[in-house]
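The values are calculated or read from the model by the stated rules, or taken from the named source; none is laboratory data. Since the model is a prediction, treat every value here as computed from it, not as a measurement. Note that each Cβ is placed from the backbone with ideal geometry, even for glycine, and that neighbours are counted across all protein chains shown. With ligands, DNA and RNA removed, areas are computed over all heavy atoms of the protein, side chains included. Shrake-Rupley method; radii C 1.70, N 1.55, O 1.52, S 1.80 Å.
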Amino acid sequence: MDVADIVITIKIASFCRELAHNTLATLARDEGQSALYARARAALGAGNVGQALEADLDALHAIALRRTGHGLYPSSLRGFSLLPGTSASHGAQQWSCPQGLCAGRGRVVPGRPVPTCSLTGRPLTAKPLGS
């Protein structure tokens, strides 16, 4: 999958998951690109989602791919749509970004702890799947 085909919310979600630990920061530092990592984090923290952030995330993806053989972004994407003739009131929920910046973090499973945003530390919010 070409990185140009990945929507920005998926790219941001991938970056946010990496903020929970220092692997990507270390890879960027080892490549002399600590400023790139810091700039992406600061832009996201300020809610500045645009072409500059996307270019920085793509550059970080390239670093991870070059250094580890695995990029920052998923190699395939799954989607959800209702079957024809079914109701939108299915009850399934997904974890969503509290700032509405990223694609969130998967399906809500009862009994599991609420995940937090790795950028802000705020809990993710449950929203209907597909919304």
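At full extension, Leu129 and Arg67 could sit 18.8 nm farther apart than now, given 0.36 nm per residue minus the alpha carbon distance. With all pairs of different C-alpha atoms in the average, the Kirkwood value for the hydrodynamic radius of the chain is 15.8 Å. Modelled spin-label separation between Arg122 and Ala52, with each label point placed 7 Å from Cα along the Cα-to-Cβ direction: 2.2 nm. The largest accessible area among His61, His70 belongs to the first residue in His70, His61, and the rest follow in falling order (1.4 Å probe, all chains). Assuming charge only on the beta carbon of Lys and Arg (+1) and of Asp and Glu (-1), the dipole of the chain about its Cα centre is about 460 debye to the nearest 20.
Within the chain, the cysteines lacking any other cysteine Cβ closer than 4.7 Å to their own Cβ are Cys16, Cys117. May I ask which residue of Ala13, Leu27, Pro113 lies farthest towards the positive end of the charge dipole of the chain, with charges of +1 (Lys, Arg) and -1 (Asp, Glu) on Cβ and the Cα centre as origin? The listed residue farthest towards the positive side: Pro113. May I ask you to give the average projected area over all directions of the convex hull of the Cα atoms of the stretch 3-68, in nm² rounded to one decimal? Averaged projected hull area, Cα only: 4.1 nm².
Apolar share of the accessible surface for the chain: 53 percent from carbon plus sulfur atoms, 1.4 Å probe. Tell me the mean residue ellipticity at 222 nm calculated for the chain from its helices only (DSSP H runs of n ≥ 4, each -39500 (n - 2.57), averaged over every residue, nearest 500). Estimated from H runs of four or more residues: -11500 deg cm²/dmol. Accessible area per residue for the chain is 59 Å², calculated with a 1.4 Å probe on protein heavy atoms, without ligands, DNA or RNA.
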